[in-house]
Amino acid sequence: MGIKIQDLQQELKLSDSELSRYMGLAGVRIDEGVKRLQDKDAYRIKGLVRDSRRREAKKKELVRLPSIVSVRDFALKIELPVTEIIKQLLKNGVAATVNEDLDYETAAIIAQDLGYQTEENVTELEQDVLTPEKLAEILTKEDVEHQVSRPPVVTIMGHVDHGKTTLLDTIREANVAAGEAGGITQKITSYQAKKKGKLITFIDTPGHEAFEFMRKRGASLADVAILVVAADDGIKEQTKEAIRHAKAVDVPIIVAITKMDKPGADAEKVKRQLSELELVPEEYGGKTPVVPVSAVKGTGLDDLLDTILLVAEINEPKAITNRAALATVIESRRDSSVGVLAVVLIHAGTLHLGDNLVVGKTAGKVRRIISYDGRSLKEALPSMPVTIVGIQDLPDAGDILQAVEEQTEAREKAARVRTIKQITRHPVSAPVVKKPVELRSPGNRNEQPKEEPKDKIKKLNIVLKADTQGSLEAIRQTVMAMGDVEVVPQILSAGVGNITENDIMTAEPSKAIILGFNVNTASAAVRMADNGGVTIKSFKIIYELAEEVRQRLEDLLPPVIVREDLGKVAVLKVFFSIRGRQIVGGRVVNGIAKKKELVQIMRGDQLIATGKITELQQNKNEAETVKAGSECGITFEGNGKAKEGDSLMVYHEEVQKRKLGSNRVKVE
Ligand code: GDP
């Protein structure tokens, strides 16, 4: 029975070292003198060799991957077990499940780490999806000769509470004539202001905190970015982030130093801080226009508008008007009487009533165009923010709108895009490769992780509700970026509208938390949540919502136990000993002995028992601590007994909460 090892080696063409490696891998004991293998062991070795050779061959091929690929399909394509892919993703700081979608860049990095070569396989179908990047490309390539000037599009960014909203509102009040609301009370916060007979478009990007998302849209949205910095607060973390993102999309920055009326206002300090960030103010010899303003007093606003016009004049934003319209969805919501309302910004072409549309994965026909000041329009020109009625399904913020010739063309195109989008919904984006830092404690502390739940990812289940599609998308992006190697947020459902009983039903089984943004909670839902123990939290600031998520994620992280060695006591004499309790006399050799702290009894290198110091005496008096060099009496409670000549290691243990990203488990 069985097979001769030698024959197997010949059959598989293995060298001696390969043979022993495969035998090891197969868990076959290699005893001296054994010449035969059992059939099952031989089969196992053959299987291993076959797998390994197939992998090696695969590594020499170029693997073609689609722009979006699920973890499962990715594993199939490179012929590796899904678990290996998940493990490799984790090493790169991406926590993903089998069904999760990866974008090509992420998949390529992982493939490369594993030794595979890849290539992106962009199918024809995918070319139908107009991304902001592709849109930007189309717009820059367009026939320059027939382009005409269009108003500059301005976005406002900056740290929370530095006055973005107030500034937008104040400019609007002073420079926009209120029109007739055309029956639809759409809260449209993007508008056009008039200065010296020229128009300036202000775009309110909902959830400016979600910078990653804004950057994507920023690629095609803005001509000028206003960076708001409060004069009494200076540059903050989000300000820096805003600068990084504006620079990444290469949009000119104008700095508005806001709240100049406040007592602590210090514009000079802000300018110095700006200089340090390579935004040297013009008056310091740099290129960055800086305008001090007070929205409350209304000062500096004219200056700001003039500066915008100046910057715009240099860059001359232009577009073709006689082409089918191209636009981006800024926000969208469903209205109970007219259906879907979408606020879009026209980039090029003219949008007419009756135009057939493809909008992201849906289609439609323009039934109404409403201006930012509530007037019904027949058409909309480049740089205009308008609300349109007539789109079939709720589009996502950031979706591109295209006007097309035929209704059937619109429908077909939308249907094709829809199939692609079904595959591409919420891909896991390129990894934020956080190299997990191993915690190092100062001095003689060491880490004692309790149990190590390897590869076990905890999930924070979330049900999300927001007032608009734009803020919903922004929040989703922010929240999904917040995971860690050990905990990840998982959004069970996300929708536009108030919190209802339905949401409670979604949340309850998995103990999800319901997060609302600018929405109300139906009273029936409040009762149901109370009964079901479901937590609802509502926010008006995305940053605060994100903080809540961070807190809850950190609460899910198992704590670390940090040990601090305090001192060593040599046991000189044992006085008294009953079960679980012992009194010994000793000398503190180094450090200190301290009451109520923990002790290990060591006999040489061997740990005998652990316990706690319940009483401590020095010269027959009660003492809290006894220093090195002194003798002491120690009452020790624990599960073992000390003998003369043993050492007592005195130490302190603290349970510490962990922060996201501070990985206790080292990932190499
Ligand atoms: P955002 O989070 O950046 O949109 O900030 P807001 O516009 O909501 O403003 C935050 C706070 O600062 C609000 O209480 C505003 O009233 C206040 N604020 C904004 N602009 C000014 C200003 O020019 N002067 C003063 N004194 N307060 C301001």
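The values are calculated or read from the model by the stated rules, or taken from the named source; none is laboratory data. Just so you know, these numbers come straight off a predicted model, no measurement behind them. Protein only, heavy atoms only, side chains kept; ligands, DNA and RNA dropped before computing areas. Shrake-Rupley method; radii C 1.70, N 1.55, O 1.52, S 1.80 Å.
Odds and ends about this structure:
- In the assembled protein chains, Met505 presents an accessible area of approximately 110 Å² (probe radius 1.4 Å).
- Angstrom value of the Kirkwood radius, inverse mean 1/r, which spans all Cα pairs in region 3-50: 10.5
- What region 445-556 shows is 47 Å² of accessible area per residue, with the surface traced by a 1.4 Å probe over protein heavy atoms.
- Phi angles across region 331-345 convert, under the Karplus curve 6.51 cos²θ - 1.76 cosθ + 1.60 with θ = phi - 60°, into 3J(HN,Hα) values of 7, 8, 7, 9, 9, 5, 8, 9, x, 6, 10, 10, 8, 10, 10 Hz, Gly and Pro given as x.
- For region 445-556, the equivalent ellipsoid derived from the Cα gyration tensor has semi-axes of 27, 17, 11 Å, listed largest first.
- Cross-link partners for Lys595 among the lysines, with Cα-Cα distance under 21 Å and sequence neighbours closer than 8 places in the same chain left out: Lys568, Lys573, Lys612, Lys620, Lys627, Lys641, Lys643.
- The convex hull defined by the C-alpha atoms of region 61-120 has an orientation-averaged projected area of 3.2 nm².
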